[in-house]
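One structure below.
The values are calculated or read from the model by the stated rules, or taken from the named source; none is laboratory data. Just so it is clear, the model here is predicted, and its values are computed rather than measured. Note: ideal-geometry Cβ built from the backbone for every residue, glycine included; neighbour counts use all protein chains shown.
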Amino acid sequence: MDERRGELLQGTLEMLVLKTLSLEPTHGWGIGQRIQQVSRDVFQVNQGSIYPALQRMVGRGWLASEWRVTENGRRARYYELTAKGRRQLEAELHEWRRSSGAVNWILKAQLEEGAA
């Protein structure tokens, strides 16, 4: 089995967290669960990656956080997108589309007749 199964592409975690939080505020564990669910179990975010990423994004002003009570009655820090975070998400989505389009062009490329 491929050892990399479930790994996020480098540099995509923050974009996926921003996108997840654009849907609704939630806690760190919920963010990881939502990414796994929406990716149909392709991506699995471990808690050791998500919490440092959340702290970086709070520090950059992309997220706000506050303590709330979860649906299970436990206290958890909930995160939500700020206006700056929404702008960052749009910028990251634009760059993702540009980069993934370029990768697709390369993958579809064929040698032209007479080249080489």
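Can you say whether Q44 is at pLDDT below 95, farther than 14 Å from W29 by Cα and not acidic (D, E), as far as the supplied structure shows? Answer is no for this residue.
L8 fulfils the conditions (1) modelled with pLDDT of 95 or more; (2) crowded, with 16+ Cβ neighbours inside 10 Å; (3) in contact with a Ser or Thr (Cβ under 9 Å, 6 or more places away or on another chain) except for a single criterion, (1).
One residue stands out among those in region 50-63 that are loosely packed, with under 14 Cβ neighbours inside 10 Å and among the small types (G, A, S): the one that is farthest from Q88 (Cα to Cα), which is G59. Let me spell it out: the conditions are (1) surrounded by fewer than 19 Cβ atoms within 10 Å (Cβ to Cβ); (2) under 13 Å from the mean Cα position of the chain (by Cα), and T20 meets all of them except one. Which number is the exception? With (1) surrounded by fewer than 19 Cβ atoms within 10 Å (Cβ to Cβ); (2) under 13 Å from the mean Cα position of the chain (by Cα) applied to T20, the lone miss is (1).
When residues in region 61-91 are screened for being modelled with pLDDT under 95 and closer than 19 Å to L13 by Cβ, 0 of them pass.
Of the listed requirements (1) free of Cβ contacts under 8 Å to residues at least 40 places away in the same chain; (2) in contact with a Ser or Thr (Cβ under 8 Å, 6 or more places away or on another chain), A76 misses just one: (1).
Got at least one residue in region 94-104 being surrounded by 10 or more Cβ atoms within 10 Å (Cβ to Cβ), touching a helix residue (DSSP H, G or I) at 6+ places or on another chain (Cβ under 7 Å), free of Cβ contacts under 8 Å to residues at least 60 places away in the same chain and outside any loop (DSSP other than H, G, I, E, B)? No, that holds for no residue.
When you look at G48, is it assigned to a loop (DSSP other than H, G, I, E, B) and either within 13 Å of L13 (Cα to Cα) or touching a helix residue (DSSP H, G or I) at 6+ places or on another chain (Cβ under 9 Å) (or both), yes or no? It is false that G48 is assigned to a loop (DSSP other than H, G, I, E, B) and either within 13 Å of L13 (Cα to Cα) or touching a helix residue (DSSP H, G or I) at 6+ places or on another chain (Cβ under 9 Å) (or both).
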